Amino acid sequence: DDQVDLLITMREGKPAMINDIRIEGNEITNQHVLLRQLTTLPGDQFNRKELFRSQANLANLGFFNPNTIDVKPIPNPHNSTVDLVYIVEEQPNDKYEFTGTFNGAIGFTGGIGLELNNFASKDLFKFKNWKTFPRGDGEKLALRFNTAGKSFNSFTFNYSNPWMKSERQKSFFINSNYSRLIRPQTDENGVTTDGSLVILGGSVGTSRRLNWRDPFFSLTQSIAYHNYRFDGYDNSLAIDKGQTHLLTLNHTLSRNTINHPFYPSVGSQFSASLSL
């Protein structure tokens with residue numbers, strides 16, 4: 001009757017255990033920066049969910065093209081193991097900025113900025129390890145100077161280390177800023193003097209991943225201080241000459257399960273902050 005029966009016999013083997021992990025394509029970023037983002041570890045049972053989570057962690061670093069991150073499982077059925085090969089493609093993410101104009105009444109107006117998003121502080125004085133700049137450890141360093149002639153000058157410094165030496169992910173950051181504003185003031189006698197406001201401050205804090213509820217929660221805590229010095233500068237506090245101090249304690253609880261930094265298709269973001 002031109003018909004055939006098919007009998008398919010399957011034999012399910014043992015769950016595969018992860019044997020070896022390799023990463024290819026990271027020409028700038030150091031190996032340990034990528035390995036600490038993986039949730040698939042040698043000796044663990046193979047799990048596709050953790051495979052996708054590891055890919056999302058690598059994409060969210062911002063150092064690689066998220067559209068080309070790939071992982072190739074290489075199974076070995078003879079001993080029920082599987083090797084994992086993660087493939088990444090470095091993409092530039094540093095920023096260099098210079099802007100400026102010149103006006104006869106004000107002078108030079110503009111700024112200069114440098115933002116290194118994959119900085120390596122340990123190689124700062126090891127010039128042979130430089131890749132244009134000391135890079136590869138995932139730290140962030142940003143410097144910026146802005147000016148508007150005599151009337152305004154500011155300088156900011158930001159540094160963060162995303163993973164301090166700890167069993168659990170814990171980051172450290174420090175920020176500082178300086179600003180000086182000049183505004184001419186005219187008294188009742190018609191005499192014009194320059195009033196000034198100097199703002200000096202900064203913050204320091206840590207952020208750590210929590211194992212509460214699930215591994216996607218993190219807690220960020222910081223302390224910030226700012227000092228405002230008035231000298232004939234018109235302000236809403238009616239301080240002609242003197243200073244004020246502002247001390248702030250910040251707490252932020254957040255949860256992030258986004259799978260892609262630019263085109264997320266799965267996950268959500270949530271945060272709650274308290275400042276005292």
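The values are calculated or read from the model by the stated rules, or taken from the named source; none is laboratory data. From a predicted model like this one, the values you see are computed outputs, not experimental measurements. Note: ideal-geometry Cβ built from the backbone for every residue, glycine included; neighbour counts use all protein chains shown. Keep in mind that these areas ignore ligands, DNA and RNA; they rest on the heavy atoms of the full protein, side chains included. Shrake-Rupley method; radii C 1.70, N 1.55, O 1.52, S 1.80 Å.
Annotations
- The Cα center of the range 236-276 and the Cα center of the range 186-213 differ in position by 16 Å.
- Reach of Lys150 by Cα under 28 Å, taken over lysines that are not fewer than 8 positions away in the same chain: Lys95, Lys241
- Less than 5 angstrom separates the built amide H of Val71 from those of Ile87, all sequence-distant by 5 or more or on a different chain.
- Largest GNM mean-square fluctuation across Gln91, Gln185, Gln37, computed for the chain with C-alpha springs under 10 Å, falls on Gln185.
- Separation between Cα centres of the range 84-114 and the range 220-234, rounded to whole Å: 27
- The listed residues Lys170, Lys241, once ranked by accessible area (1.4 Å probe) with the largest placed first, stand as Lys241, Lys170.
- In this structure, Asp231 and His251 have a Cβ-Cβ separation that, at R0 = 30 Å, corresponds to a calculated FRET efficiency of about 0.30.
- Residue by residue, the range 170-183 carries 3J(HN,Hα) couplings of 8, 10, 9, 9, 9, 10, 9, 8, 9, 9, 9, 10, 10, 9 Hz when phi is fed to the Karplus relation 6.51 cos²θ - 1.76 cosθ + 1.60 (θ = phi - 60°); x denotes Gly or Pro.
- Residue-by-residue Karplus 3J(HN,Hα) for the range 120-125, coefficients 6.51, -1.76, 1.60, Hz, glycine and proline x: 10, 5, 5, 9, 4, 10
- Measuring gaps between exposed loop sites in the chain (GluC sites (Glu not before Pro); DSSP loop; at most 16 other Cβ atoms within 10 Å), the longest gap, sites not included, is 189-276.
- Sites Phe262 and Leu219 - FRET efficiency at Förster radius 41 Å, r taken between beta-carbons, to 0.05: 0.95
- Total charge dipole magnitude, the range 80-225, about the Cα centre, Cβ charges on Lys, Arg, Asp, Glu only, Debye to nearest 20: 420
- Potential lengthening of the chain between Asp187 and Lys128 amounts to 15.2 nm, from the contour at 0.36 nm per residue minus the alpha-carbon distance.
- Take every DSSP beta bridge whose two residues both sit in the chain; close to 95 percent of them are antiparallel.
- Most fluctuating residue given options Leu116, Leu34, Leu249, as computed from a GNM of the chain linking Cα atoms under 10 Å: Leu249
- Top positive-direction residue, dipole computed over the range 1-151 with Cβ charges, set Gly13, Tyr86, Asn57: Asn57
- Computed accessible area, Thr248, all protein chains, 1.4 angstrom probe, square angstrom: 30
- The range 38-149 - charge dipole about Cα centre, Lys and Arg +1 at Cβ, Asp and Glu -1, debye rounded to 20: 160
- Förster-model FRET efficiency, 51 Å R0, Thr109 and Ile74, C-beta, rounded to 0.05: 0.30
- Amide hydrogen neighbours beyond the local backbone of Gln169, cut-off 5 Å, H modeled: Arg209
- Relative contact order (%) - criterion: Cα under 8 Å, at least six apart; region: the chain: 11
- Comparing mean-square fluctuations of Asn129, Asn118, Asn103 from a GNM of the chain with C-alpha springs under 10 Å, the top value falls on Asn103.
- Interatomic Cα distance distribution for the chain, bins of 10 angstrom, percent: 5, 19, 25, 20, 14, 8, 5, 2, 1, 1, 0, 0
- Over the chain: helical MRE at 222 nm, DSSP H runs n ≥ 4 each giving -39500 (n - 2.57), nearest 500: -2000 deg cm²/dmol
- Low-density loop positions, chymotrypsin sites (Phe, Trp or Tyr not before Pro), the range 183-230 - DSSP coil, at most 15 other Cβ in 10 Å: Trp212
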